[in-house]
Amino acid sequence: MRRKIIAGNWKMNLTLDEGQKLTSEIVNMYKDENVKDVIAVLNPPFPHIFPVKKLIGDIKGIAIGAQNCSDKEFGAFTGEVSAKILASFGVEYVIIGHSERREYFKETNEFLGKKVVAALAQGLTPIFCCGESLDIRNAGTHEANVKYQLTESLFGLSAGDMARVVIAYEPIWAIGTGKTATSDQAQEMHLALRRHIASKFGKELAGDISILYGGSMNAANAADLLSKPDVDGGLIGGASLKSRDFLDIIKSY
Ligand code: 13P
């Protein structure tokens, strides 16, 4: 079933105290302001997972995610964290293939496909990111580019596994720049992605997949973006570090 998801990607930000303060504020506002039908996912840096999870407690509607996982299950891979370890801490979601991982850590479509498989094997929901650079957008090949990312990383999955994946369309030129895609640009790309998924897995499955938009989404532009029929939520960077802004995005649905 298509879910409405607002996920906060904290990236490499916040100390322990800051993370606990932010989480407590979000949890209290979410409860007090009676949020319904929108799943909030907090994706902090790894060491925050345990305390953040504790603060969330058993509140329905708020889940915890990680920003990355290994493609391996366990073993001598210093510095890595596996989906198996994450699942044992109660993590439910994991961001895979963020453009910052692709760019700075040279993660390829093929490698990201392995991470998706590893996450699914542990019962985690991958939030699989795709998106084009400004050069590609200017060349007019953006649609082909993001379709290719999906084909390479996800089209080897079984239909049952694909149905458990969440997609995040994040144009690189919109990330952290304040240059949000227009809601029409987002809708156009989300529809193209959904049709692409349908071409491989069928219309029904594609219709059930949540496709989130990411890239300078904030409390002021969220309602417009989220009003589009193929935009099923957001993956929020900067604005997820401020509790009021994050809640306002959730409530603008
Ligand atoms: P900003 O919301 O800061 O542009 O970041 C988007 C993002 O990269 C979320 O993963």
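Loop-only trypsin sites (Lys or Arg not before Pro) in segment 33-69, please: DSSP not H, G, I, E or B, and at most 16 other Cβ atoms within 10 Å.
Lys36, Lys60
Quick one: plug the Kirkwood hydrodynamic radius of segment 29-99 (C-alpha pairs) into Stokes-Einstein at 4 °C, 1.567 mPa s, and report D in µm²/s.
Rounded to a whole number, D works out at 98 µm²/s.
Gap in Å between the Cα centre of segment 112-148 and the Cα centre of segment 8-45?
For segment 8-45 versus segment 112-148, the Cα centre distance is 25 Å.
Hey, can you rank 242-248, 116-122, 29-35 by average C-beta count inside 10 Å, highest first?
116-122, 242-248, 29-35
Counting only residues 5 or more places away or on other chains, whose amide H sits under 5 Å from the amide H of Met217 once H atoms are built in the peptide plane?
Gly237
Can you give the percent of C-alpha pairs in segment 173-253 whose distance is more than 20 Å?
Considering segment 173-253, 32 percent of its Cα-Cα pairs are separated by more than 20 Å.
Return the Cα extents of the chain along principal axes one, two and three, sorted largest first, each rounded to a whole Å.
46, 44, 34
For segment 77-128, what D do you get in µm² per second when you plug the Kirkwood radius from alpha-carbon pairs into Stokes-Einstein at 20 °C and 1.002 mPa s?
This corresponds to a translational diffusion coefficient of 190 µm²/s.
Counting C-alpha atoms alone, how compact is segment 109-253: give Rg to one decimal and Dmax as a whole number, in angstrom.
Cα-based Rg and Dmax for segment 109-253 come out at 14.8, 40 Å.
Determine, for each peptide in 78-91, 128-141, the mean count of other beta carbons within 10 angstrom over its residues, then list the peptides with the highest first.
128-141, 78-91
Quick one: compute a quarter of the convex hull surface over the Cα atoms of segment 74-172 and quote it in nm².
6.6
Under the rule of at least 5 residues apart or a separate chain, name every residue whose amide H is placed under 5 Å from the amide H of Val41.
It is Ile6, Ala7, Gly8, Ala63, by chain and number.
Using only Cα atoms, figure out Rg for segment 1-127 and give it as a multiple of 2.2 N^0.38 Å.
1.06
Specify the inter-centroid distance of segment 189-252 and segment 92-110, based on alpha-carbon positions, in whole Å.
Using only Cα atoms, the two centres lie 18 Å from each other.
Could you tell me the calculated FRET efficiency between Lys203 and Ser158, based on Cβ-Cβ distance and R0 = 30 angstrom, to the nearest 0.05?
0.95
I need to check one value: relative contact order of segment 50-162, counting alpha carbon pairs closer than 8 Å and at least 6 residues apart, in percent.
Relative CO of segment 50-162 lands at 24 percent.
Tell me, what HN-Hα J-couplings in whole Hz come from the Karplus equation 6.51 cos²θ - 1.76 cosθ + 1.60 at θ = phi - 60° for each residue of segment 93-107, using x for Gly and Pro?
Those phi angles translate into 10, 8, 6, 10, x, 4, 4, 5, 5, 5, 6, 7, 10, 6, 7 Hz.
Computed from the coordinates by the stated procedures, all read-outs in this text should not be read as laboratory data. Predicted model only: the values in this text are computed from it and were never measured. Because the Cβ atoms are built from the backbone with ideal geometry, glycine has one as well, and the counts that use them run over all protein chains shown.
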